[in-house]
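No value in this document is a laboratory result; all are computed from the given coordinates. Here the structure is a predicted model, which is why all the values come from computation and not from measurement. Cβ atoms come from the backbone with ideal geometry, glycine included; neighbour counts cover every protein chain shown.
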Amino acid sequence: MSAVILRRDHIAGGAFVAGSMLVYAASGDLPFGSLASPGAGMLPTLVLTLTTLLGFALLAGAGGSPPLTSIDWSDAPHALRVVVACALATALYVTLGFLATMSLLLFGLIYLVERRAIVRAAMVSLGVALVAYAVFGSLLKSPLPRGLIWF
Amino acid sequence: MDRRQFVAGSAAAATLVAAGPSRAQDAYPSRPITLINPFPPGGAADVVGRPFAALLEPLVKQPVVIETKAGAAGAVGAQFAASANPDGYTLLIHIVSISGFAEVDKLFGRAAKFTRADFIPIARFIADPMVLLVNDKQPYTSLKELVDDLKKNPEKLIFSSSGLYGALHLPTALFMQAAGIKMKHLPTNGGGPALTALIGNNSNVLVSSIAAASGQMKAGKARALACFGDKRAPVLPNVPTLKELGYNIEFYLWVGLFAPKGTPDPIVSRLREESRKVAISDRFKQAMNNIGQDVAYLDQPEFRAFWDADAKRVEDAVRQIGKV
Amino acid sequence: MESTIDSLLLGFSVAFRPDVLLYAFLGCLVGTLVGMLPGIGPLAGISILLPVTFGLDATKAIVMLAGIYYGSQYGGSTTSILMRIPGEASSVMTCIDGYAMAQRGRAGAALCIAAVGSFIAGTFGVLALTVIAPPLGAFALRFGPPEYTALLILGLVFLAYMSSTSLARTLLMAGLGLMLGCIGIDVMTGHFRYAFDIPALGDGIGVVPVAVGLFGLGEILSTPSKSVTAQVVTPRLAELLPSRQEWRQSAMPIARGTLLGFVVGVIPGSAHIISSFLSYALEKRISKHPEEFGKGAVAGVAGPESANNAASTGAFVPMLALGLPTGPVTAVLMAALLIHGVPPGPMLVNDHPEVFWGFIASMYVGNLMLLALNLPLVGMFVTVLRIPYSYLYPLIVMFCIIGVYEVNHSVVDVWIMLIMGVVGYLLRKFDFDPAPLVLGLVIAPTFELSLRQSLVMSSGNWTIFFERPIAGTLLAVSIGLLAYSGIAALFRRGDWRASLAKAEIGDKN
């Protein structure tokens, strides 16, 4: 009966087996070389063989792992929001510059994601970004990116 | 850390430059100039670039910032500079190996990411002839002994280099071809590790710049057998040149300043003029002497002619090595 | 010996000159700052301040620049302990138990132990540097590619002790790390591997983006703010200092970490990065309570932190004794010496004794300064944890992005960090431990290069690894460890690993 239930290690092991084979297929033109002059494909081939075998080992023992449904995904919406915020910030980072992007990121996370008071969120965001900008720019002489809006 | 620390984002960072407000009507330069150093700090481009930047600042009355964009043996920084806005605010300090990348790409059937035509040469600052070294565990006292022994016992010796198709590998390959000998190649990931391998006798032969090896030569840990210059180096008066020994090879570790293709002429001539002032100044001479170099300044026309000739040597060497 | 003492006295007479003291202090101060802020590592710190030293003489310049280097090793633990952001590869292990200690309200203790451990390790390192640098330098030179390969194999064997998950899971993570390490241009043949013609990937994936993503961002993704209850850890002053028991628990790990770190640090190349991994694995292996590791074991902070500090001092041995730049940081320091007209090399001690000994002596002084700088800061840092989590984690996210960007000024690195954050989140769901992945990534380039270099040297003859004494010894130790664990697992069923396995089997049924 337990064979029907999809378990944690079925997914994990399967992912590793499939991933390894995929990468192996993608590295077809890398020469393995010989012992006297090992090629660029030697280590990848060895490692991929290892991960494929271990992936199968996980699959083999998967019957004993907890069922997939037991994994708690309640933190996923929060994680997704943070990832989206970060992705936006990263995409805009060099265009908008440090000050604009980071105060927006902080504001977005504190106000939009965490639902804190808007005024306080705005003040904290701008203040922190300004301090960080000053520390890196003047103290460490390693300026953060400047964008279109500020400087 | 190792070379992998120095990943740099060319494409995305290019937007950074493009995003800067362009105020072409202002007198150049009206904002800080960025000098791209495509090698890890401490390398030849860095030790020349830093004094240069420090002396250029008062002349152009703007900060001159060195930005390290190291990676892929200098290709990442060069590509970044090649794709930068040609407004004179992004310049490149590069060494002899800049000529080889396009040829290597051709070898692997890849589209070249940049070629020599993407850069305008501005000035050459130093040109250090390479020397062929053996460590103190080797019996050879002349190049002839080394060549004769290797002809009898091919692949008996190992040479180290800073990496495949790098500035230390190319002259070695040219020499091996001219002398008709073969050695095993031990590539490492930098000039320092290559020298370490020689001194630790994990490799037996190394072609290096004089400055990098002078400490070890003085201490007797490494012995120079031949010099790659067109005449003997003043610091090594007893070391014959390859030309004297009958091999028609020259190879220098030179450092030059480049601007991206399309940089307006007035800006280029301004940069030429200021570079000349820096290069002939006593303080620059002093700084170069400190790192064991003589200033070998060439202005744009001479540098261009030198670069064209030098690039032929480098491309020959790359083709000679071929795909490993 | 007497001459050493005389020379050292000369060195102290230089190091105690007020101007030299000032520059040593400046170096230590900047180093602490640089170490604390993620991203700007010692390398960037030194290169940024290199031009500032142009007006100084060689002694002051090198004293200040070296201060940045070893000072940064002190500060490196701060963000690891407080925010689980590893500022550099060597702080990864501190993240695990240091952060766990902070969550139990022992952040102050963890920071104190890290500072004191760093001080002991740093001072011991300088002492060893003073007395036995030249013979050690000669030893270091015997580390060629085969020795390197053997050392890293030993590191991989230690891996089995590093993680609390099963061996298959640990090895899978290490394999994933090794594969990530394969990305980029192959040094030996020039092939572009798995880089899809993106030039920024040409040099491979950096350790910092991966580590910060897996640990720093990954932690935030799996900790939604509502699960952090309003009770904020507010330590009182008395709780800032380690308890007597914590001191006792950290004494031996500090001693072992110091010795191990120094020896590993002396080896030319990037071996010093693995010193903290090795120390962590060693402590876990010999601990009577290995199950505490990962949940805030004091030894898991004390050992690795001491090891990475001792290693950073050990890295000066090849530079000072042989004049060989063995890593990026020592290469910049040597360039700094060159620029100031002091050619580094085997003759440095004879030609410029005041530079050499002044530098050594200033490191004794500098370590004291750093302890005095860092201990009072502990109280200040811990207050960071009083910030409510819904305000704190956006700050941590910002620091992750700045830190990763600043390493190379590369947005591609930030994307890698972000992807690794998601990967870290998923790995956690499927019960994988990311630490072996980072170790795999760290050693992949060196391991592959030295393995292939060895084979080139011997024309494909595997016996090269056993013919050379150091390599042979290291491999013998690895094999011995493997055999010992195998036998122990077979016969001593009471072994914790076996009982864990039993417990797992129990779960299954």
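Rank-order C:396-403, C:330-337 by packing density, defined as the average count of other C-beta atoms within 10 Å over each peptide's residues, highest first.
Working: C:396-403: 23.9, C:330-337: 25.9.
Result, highest mean first: C:330-337, C:396-403.
To the nearest 0.05, what FRET efficiency results for residue C:131 and residue B:235 with a Förster distance of 25 Å applied to their C-beta separation? Numbers along the way, then the final one.
Working: r = 35 Å, r/R0 = 1.39.
According to the calculation, E is roughly 0.10.
What average count of beta carbons from other chains do you get within 10 Å of the Cβ of residues in C:411-420?
On the way: counts 12, 8, 5, 9, 6, 2, 2, 6, 2, 0.
Mean partner shielding for this stretch: 5.
Under the classification rounded if a/c is under 1.5, otherwise prolate if a/b is larger than b/c and oblate if not, where does region B:19-122 fall, given a ≥ b ≥ c as square roots of the Cα gyration tensor eigenvalues?
On the way: a/c = 2.56, a/b = 1.53, b/c = 1.68.
It comes out oblate by the Cα gyration axes.
A 29 angstrom limit on the alpha carbon distance is what I want to check against. Which of B:106/B:277; B:231/B:285; B:61/B:113 exceed it? Before the final figure, lay out each step's value.
Numbers: B:106/B:277 38 Å; B:231/B:285 21 Å; B:61/B:113 34 Å.
Violating the 29 Å limit, Cα to Cα: B:106/B:277; B:61/B:113.
Using a Förster distance of 51 Å, how high is the FRET efficiency between residue C:347 and residue B:280, based on the Cβ-Cβ distance and rounded to 0.05?
Numbers: r = 32 Å, r/R0 = 0.63.
Result of the calculation: an efficiency of 0.95.
Net charge near residue C:403: determine it from the other residues with C-beta under 14 Å of the C-beta of residue C:403, scoring Lys and Arg +1 and Asp and Glu -1.
On the way: positive: C:84; negative: C:88, C:406, C:413.
So the surrounding residues net to -2.
Over region B:129-227, what relative contact order in percent results from Cα pairs under 8 Å that are six or more residues apart?
Numbers: 167 pairs, mean separation 46.1, N = 99.
Value for region B:129-227: 47 percent.
Restricting to DSSP loop positions (anything but H, G, I, E, B) with no more than 14 other Cβ atoms inside 10 Å of their own Cβ, which trypsin sites (Lys or Arg not before Pro) remain in region B:203-238? Walk me through the numbers before you get to the answer.
Working: sites: B:218, B:221, B:223, B:231, B:232; in loops: B:221, B:231, B:232.
Hits after loop and neighbour filter: B:231.
Using only Cα atoms, tell me the angle between helix B:169-179 and the longest principal axis of chain B; keep it within 0 to 90° and round to the nearest 10.
40
Going by how many other beta carbons lie within 10 Å of each one, how would you line up C:266, C:423, C:404, fewest first? Walk me through the intermediate numbers first.
On the way: C:266 29, C:423 20, C:404 32.
Final ranking by Cβ density, sparse to dense: C:423, C:266, C:404.
What do you get for Rg/Rh of region A:8-70 when both radii come from the Cα atoms and Rh is the Kirkwood radius? Please report the intermediate quantities before stating the final value.
Details: Rg = 14.8 Å, Rh = 12.7 Å.
Over the Cα atoms of region A:8-70, Rg/Rh equals 1.16.
At 7 Å along Cα-to-Cβ for each site, give me the label-to-label distance between residue B:153 and residue A:25 in nm.
5.1
Taking each residue of B:86-96 in turn, how many C-beta atoms of other protein chains fall within 10 Å of its C-beta, and what is the average? Could you put the intermediate results ahead of the total?
Numbers: counts 0, 0, 0, 0, 0, 0, 0, 0, 0, 0, 0.
Going residue by residue through B:86-96 and averaging, the value is 0.
First check a/c for region B:266-324, with a ≥ b ≥ c the square roots of the eigenvalues of its C-alpha gyration tensor; if it is under 1.5, answer rounded, and if not, answer prolate when a/b is larger than b/c or oblate otherwise. Don't skip to the end; give the middle numbers.
Numbers: a/c = 3.49, a/b = 1.65, b/c = 2.12.
Oblate, since a/c reaches 1.5 and b/c is not below a/b.
I want to check the label-to-label distance for residue B:137 and residue A:36. Put each point 7 Å from Cα in the C-beta direction and report it in nm to one decimal.
In this crude label model, residue B:137 to residue A:36 measures out at 2.2 nm.
Please name whichever of A:100, A:5, A:77 sits farthest to the positive end of the charge dipole of region A:5-121, dipole taken about the Cα centre and charges placed at Cβ: Lys and Arg +1, Asp and Glu -1.
A:100
Multiplying the sequence separation of residue C:251 and residue C:466 by 0.36 nm and subtracting their Cα-Cα distance, what value in nm do you get?
Fully extending the segment from residue C:251 to residue C:466 adds 73.8 nm.
Taking 8 Å as the Cα distance limit and 6 or more residues as the minimum spacing, I'd like the relative contact order of region A:8-70 as a percentage.
Details: 64 pairs, mean separation 32.9, N = 63.
Contact order relative to length: 52 percent.
Once you have a ≥ b ≥ c as the square roots of the Cα gyration tensor eigenvalues for the protein assembly as shown, tell me rounded if a/c is under 1.5, and otherwise prolate or oblate according to whether a/b is larger than b/c. Display every interim value, and only then the final one.
Working: a/c = 1.44, a/b = 1.29, b/c = 1.11.
Rounded, because the longest to shortest axis ratio a/c is under 1.5.
Order these peptides, A:19-25, C:440-446, by their mean beta-carbon neighbour count within 10 angstrom, highest first.
On the way: A:19-25: 15.4, C:440-446: 25.7.
Result, highest mean Cβ count within 10 Å first: C:440-446, A:19-25.
Tally Lys/Arg at +1 and Asp/Glu at -1 over every other residue whose Cβ is under 15 Å from the Cβ of residue A:87; what's the total? Write down the numbers at each step before the final one.
Details: positive: A:81; negative: C:413.
Here the charged neighbours net out to 0.
Work out which helices of chain A, taken as complete DSSP H runs, extend at least 20 Å along their axis over the Cα atoms and score a mean Kyte-Doolittle of -1.0 or more, then list them. It would help to have the intermediate numbers written out before the result.
Numbers: long enough: A:8-26 (27 Å, 0.84); A:42-60 (27 Å, 2.01); A:76-96 (29 Å, 1.59); A:118-134 (24 Å, 1.93).
Answer set is A:8-26, A:42-60, A:76-96, A:118-134.
Using Cβ contacts closer than 10 Å as the measure, can you line up C:289, C:352, B:185 from fewest to most? Let's see the in-between values first.
Values: C:289 12, C:352 19, B:185 22.
Fewest-to-most ranking of C:289, C:352, B:185: C:289, C:352, B:185.
Please give me, ordered by residue number, the trypsin sites (Lys or Arg not before Pro) of region B:122-200 that lie in loop per DSSP and have at most 16 other Cβ atoms within 10 Å.
Loop-located and lightly packed - B:137, B:156, B:182.
For residue B:27 and residue B:319, what does the FRET efficiency come to when R0 = 56 Å and r is the distance between their Cβ atoms, rounded to the nearest 0.05? Mind showing how you got there, number by number?
On the way: r = 46 Å, r/R0 = 0.82.
Calculated transfer efficiency: 0.75.
Going by C-beta contacts inside 10 Å, put B:87, C:57 in order with the fewest on the left.
On the way: B:87 21, C:57 16.
Neighbour counts put them in this order, fewest first: C:57, B:87.
Obtain the nm distance between the two label points defined at residue A:70 and residue B:309 by a simple spin-label model: each point lies 7 Å from its Cα along the Cα-to-C-beta direction.
Distance between the two pseudo-spin positions: 7.7 nm.
On average, how many beta carbons from a partner chain sit within 10 Å of the beta carbon of a residue in A:86-96?
Working: counts 13, 5, 0, 5, 11, 4, 0, 8, 13, 5, 1.
What the average comes to for A:86-96 is 6.
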